[in-house]
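The values are calculated or read from the model by the stated rules, or taken from the named source; none is laboratory data. Source: prediction; values computed, not measured. Glycine also receives a Cβ, built like all others from the backbone with ideal geometry; neighbour counts cover every protein chain displayed. Side chains included, ligands, DNA and RNA excluded: accessible areas come from the protein's heavy atoms. Shrake-Rupley method; radii C 1.70, N 1.55, O 1.52, S 1.80 Å.
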Amino acid sequence: NGTATILPQTTNTGNTLTRSITTELLDDGTILGSGRVGPSGQIPCGVLWMPNGEAIELRSPNQTEQRSVIPYGINRNHHAVGWGSISGDAFAVRWSPTGDPFVLDRLPDAPSNAFEVAYGINDFNFAVGESEYGNFHSAALWKPDGDAIDLNSLVESSDEWTFVEAHSITNTGWIAGV
């Protein structure tokens, strides 16, 4: 209708957001974005702004301390994906509509210090993203239970193709990436 809306800057956890940005908008008015929280406004956090005006903070997978989280994708059921930090390592994470984190499994051959991030999620909670460690990059698919699959393992071996990142997945299973 052309009316601008100022999004709330206090989250359901009582934190005040600074430098907020929005990244995705759903048809029902739900907005995915991020901001910064903490004493100096230096800790990145994810936020779901709900149509009722509530700002739901996407919590860190490290429940004992506030750590960085960055969301990238959301589905129509308000599940979001991105990455979260635990003890300095980055894990792919899926958040519930209430902001609760669920850490997705690492790829089977990935070392414990791999950087993993989920970029897209479909309405059945299949998520896609990447795993990076050293000079190795591989596109990843996470099933709803969190199990990780290297997308390169789903095609015949070839020197011509290496899937390094997956960015989106449709409800019918089509995956786009590089």
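Taking the Cβ of residue 165 as the center, what net charge do the other residues with Cβ under 13 Å away carry, scoring Lys and Arg +1 and Asp and Glu -1? It would help to have the intermediate numbers written out before the result.
Working: positive: none; negative: 116, 130, 132, 150.
Around residue 165, the charge tally is -4.
A viscosity of 0.692 mPa s and a temperature of 37 °C, combined with the Kirkwood radius over Cα pairs in Stokes-Einstein, give a translational diffusion coefficient for region 21-64 of 293 µm²/s.
Would you please give the FRET efficiency between residue 161 and residue 115, computed as 1/(1 + (r/R0)^6) with r the Cβ-Cβ distance and R0 = 35 Å, to the nearest 0.05? Write down the numbers at each step before the final one.
Numbers: r = 22 Å, r/R0 = 0.64.
Efficiency, rounded to the nearest 0.05: 0.95.
Sort out for me the Cα centre separation of region 71-134 from region 1-56, rounded to whole Å. Spelled out, the Cα-based centre of one part sits 20 Å from the other. In this simple spin-label model, placing a label point 7 Å from the Cα along the Cα-to-Cβ direction at both residue 3 and residue 178 gives a separation of 4.1 nm. Fraction of C-alpha pairs exceeding 19 angstrom in region 50-112: 31 percent, rounded to a whole number.
Just the accessible area per residue of region 1-110, please: how many Å² with a 1.4 Å probe?
The answer is 50 Å² per residue.
Put a dot 7 Å past the Cα of residue 154, heading toward its Cβ, do the same for residue 18, and the two dots end up 4.2 nm apart. Applying a DSSP loop filter and a limit of 14 other Cβ atoms within 10 Å to the GluC sites (Glu not before Pro) in region 81-178 leaves 156, 160. In region 13-90, the portion of solvent-accessible area held by carbon and sulfur atoms comes to 46 percent [1.4 Å probe, whole percent, DNA, RNA and ligands not counted].
Considering only chymotrypsin sites (Phe, Trp or Tyr not before Pro) in DSSP loops that have at most 10 other Cβ atoms within 10 Å, the longest stretch of the chain without any of them is 1-160.
For region 11-146, calculate the relative contact order in percent as a whole number, restricting contacts to Cα pairs under 8 Å that are 6 or more residues apart. Kindly include the intermediate steps, with their values, before the conclusion.
On the way: 340 pairs, mean separation 20.9, N = 136.
Relative contact order comes out at 15 percent.
What is the dipole size for the chain, taken about its Cα centre, with +1 at each Lys and Arg Cβ and -1 at each Asp and Glu Cβ, in debye to the nearest 20?
Details: 8 positive and 21 negative charges, 159 e Å.
Computed about the Cα centre, the dipole is about 760 debye.
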